[in-house]
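Trainee: Submitted below is the structure of interest, expressed as structure tokens.
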Amino acid sequence: MSVFPKRLMTVAGLLSAAALGLTACGGDATPADPTPAASSAEATSAETPSEPIDIEYMHRLPDGEGMTTVAEIVGRWNAENPNIQVKATKFDGKAQEMITKLETDINANNGVCLAQLGYAEVPEMFVKGLTMDVTAEAEKYKDNFGGAYGQMSVGGAVVGLPQDSGPLIYMYNETEFKALGIEVPTNAEEFVAAAKTAAAKGKYIADFEADEAQNWLSGQSAGAGAVWYSAVDDAWKVDAASDQSMVVANFWQELLDSKAALTHDRWSDAYTAALVDGTLIGNIAAAWEVGFALDPLDTTAYAGQWRVAQLPQFGDAPMTGPDGGSGVAVMKGCEYPAQAMKFNNWFNTQVEDLASQGLVPAAAEAAATPEKWSTQFGGQDVMAELVTANKNLNADFAYIPGFSAVGPKMTEAAAAAAAGSGKVADVFTAAQDASIAALKDAGLPVSEG
């Protein structure tokens, strides 16, 4: 095994070294980060400084009515930590607009110390040298978080801590399942059998969501054990059309061929109508959907009948994959990375406060299930089930710089599969080709092996 070298000959070489500081066989070597973290001695030797310091945190949390606001949470920290004062700044624009602002401010030496980043945004920000490698500090807090911890790592370098997560789970109508005489499927084979039984009665336990193909299907591939992006020597290796992905492709193809699944876009009126009229009685969903997915059922006979379960097993062990979520990264130029990470850990383990914001906290500790969720899911401790899903996340599945460019090609192929003019396997082939193109467009080397 050879550690990926520090290459300074070209910009592309430098960026690939930053992103790919791996051993060739997936080890834990620390990458050649273009913005290495200051040591504790260089910044402040102790996590609690002798003189007051100021840290700014930029976020996009909703701070809506009835929520514990970020300002309130941070206020508690400031009262208890007079020498590490945190200022929280809410960004009201879109995610990409915040990314642009962060880059502009950092390049002007006026950036914040901590910022909320979507997991798919982390690799690009790292490759651009806009985050810091805080692996040593992060390791102190690793045990406080579930599998989403790995989403804050690029090539072995950890840039922050996870805040919320979107592990894929399964939601289903328990009453309808019992009426049909089917059990909650625990693996792909059981799922297909149950789906065919339900479809024969005009009910559907799954919907193929072409409009959500990018994160929804990549997450299921991760649940099968796939690792789409890794490193071979000096280059990215792309393996989106792997054997594990084909397990997922074959699963959905059989459901589509046997007409045992619906094919409504997730955010369409047709999806909601199928939910409300009782045609759709189950689906694979991101964990963050539990907060609102059943709202249309509140005034129907199906209210309180649904439950949450783990993603059916696609591989040899219980595992799920990511579909959304975000973390808090330490940004380039932060003077006090150790202190920033101390606050970062504290803030992201305030699980009750974060749950009030509508989040599924990435922390290992379970928040109490919100009253609304408890009502809609028949008294189930939904949050405990989601914590289990967090722990089952494929910690080796991460994204590449430019992952946003992969989505449109996957969506196009998924729509063709739903219409019967293409195959589900084409979605993963499209992801493979689009990933390679995105990396090459960014000037990053790609392994052809």
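The values are calculated or read from the model by the stated rules, or taken from the named source; none is laboratory data. Everything numeric in this text was worked out from a predicted model, so none of it was measured. For neighbour counting, all protein chains shown are included, and Cβ atoms are generated from backbone atoms with ideal geometry for every residue, glycine included. With ligands, DNA and RNA removed, areas are computed over all heavy atoms of the protein, side chains included. Shrake-Rupley method; radii C 1.70, N 1.55, O 1.52, S 1.80 Å.
Trainee: Take the alpha carbon gyration tensor of the range 165-292, find the square roots of its eigenvalues, order them as a ≥ b ≥ c, and report rounded if a/c is under 1.5; if not, report prolate when a/b exceeds b/c, else oblate.
Mentor: prolate
Trainee: Moving on to the next point. Expressed as an acute angle from 0 to 90° and rounded to the nearest 10, what is the orientation of the C-alpha long axis of helix 425-441 relative to the principal long axis of the chain?
Mentor: The two axes meet at around 20 degrees.
Trainee: By how many degrees, 0 to 90 and rounded to 10, does the Cα axis of helix 243-257 deviate from the longest principal axis of the chain?
Mentor: So the helix axis and the longest Cα principal axis differ by about 30 degrees.
Trainee: Around Val86, what is the net charge, scoring Lys/Arg as +1 and Asp/Glu as -1 over all other residues with Cβ under 9 Å from its Cβ?
Mentor: Local net charge: -1.
Trainee: Rounded to the nearest 5, what % of DSSP beta bridges with both residues in the chain are antiparallel?
Mentor: Around 65 percent antiparallel, to the nearest 5.
Trainee: Near Lys142, which lysines are there with a Cα under 28 Å away, not counting those fewer than 8 places off in the same chain?
Mentor: Straight-line reach from Lys142, under 28 Å: Lys6, Lys87, Lys90, Lys128, Lys237, Lys332, Lys342, Lys391.
Trainee: Mind checking Rg over Rh on the chain, alpha carbons, Kirkwood formula for Rh?
Mentor: Rounded to two decimals, Rg/Rh equals 0.98.
Trainee: Separate question: Starting from the eigenvalues of the Cα gyration tensor, five times each then square-rooted, give me the equivalent ellipsoid semi-axes of the range 248-355, largest first, whole Å. Don't skip to the end; give the middle numbers.
Mentor: Details: eigenvalues 269, 81, 35 Å².
Those come to 37, 20, 13 Å.
Trainee: Let me ask something additional. How much of Asp277 can a 1.4 Å solvent probe reach, expressed as accessible area in Å² and rounded to 10?
Mentor: 90 Å²
Trainee: Which value, in Å² and to the nearest 10, is the accessible area of Arg266 when all protein chains are kept and the probe is 1.4 Å?
Mentor: Its heavy atoms expose roughly 10 Å² to the probe.
Trainee: Hey, another quick one. Taking all protein chains in place and a 1.4 Å probe, what share, in percent, of the accessible surface of the range 320-446 do carbon and sulfur account for?
Mentor: For the range 320-446, the apolar C and S fraction of the accessible surface comes to 50 percent.
Trainee: Can you tell me the length gained on complete extension of the stretch Ala71 to Ser421, counting 0.36 nm per residue apart and subtracting the Cα distance?
Mentor: On the way: separation 350, 0.36 × 350 = 126.00 nm, distance 5.13 nm.
Between Ala71 and Ser421, full extension yields an extra 120.9 nm.
Trainee: Roughly how many whole Å is it from the C-alpha centroid of the range 247-284 to that of the range 69-100?
Mentor: Measuring centre to centre over Cα atoms gives 40 Å.
Trainee: When Lys and Arg each count +1 and Asp and Glu each count -1, what net charge do the other residues less than 13 Å away from Leu61, Cβ to Cβ, add up to? Spell out each step's value before the answer.
Mentor: On the way: positive: Arg60, Lys90; negative: Asp63, Glu72, Asp92, Asp164, Asp353.
Around Leu61, the charge tally is -3.
Trainee: In what order, largest first, do Asp207, Asp265 sit by accessible area if the probe radius is 1.4 Å?
Mentor: Result, largest first: Asp265, Asp207.
Trainee: Follow-up. Kindly express, to the nearest 10 degrees and within the range 0 to 90, the angle between helix 213-223's C-alpha long axis and the longest C-alpha principal axis of the chain.
Mentor: 90 degrees
Trainee: 7 Å from Cα along Cα→Cβ at both Gln85 and Ala368: what's the point-to-point distance in nm?
Mentor: 3.3 nm
Trainee: Cut-off under 12 Å on the C-alpha distance; same-chain residues fewer than 8 positions from Lys423 excluded. Which aspartates and glutamates are left, in chain and number order?
Mentor: List returned: Glu254, Asp257, Glu412.
Trainee: Please give every one of the lysines within straight-line cross-link reach of Lys196, meaning a C-alpha to C-alpha distance under 16 Å, and leave out same-chain neighbours fewer than 8 residues apart.
Mentor: Lys178, Lys259
Trainee: What percent do you get for the relative contact order of the chain when only Cα pairs under 8 Å and 6+ apart count?
Mentor: 25 percent
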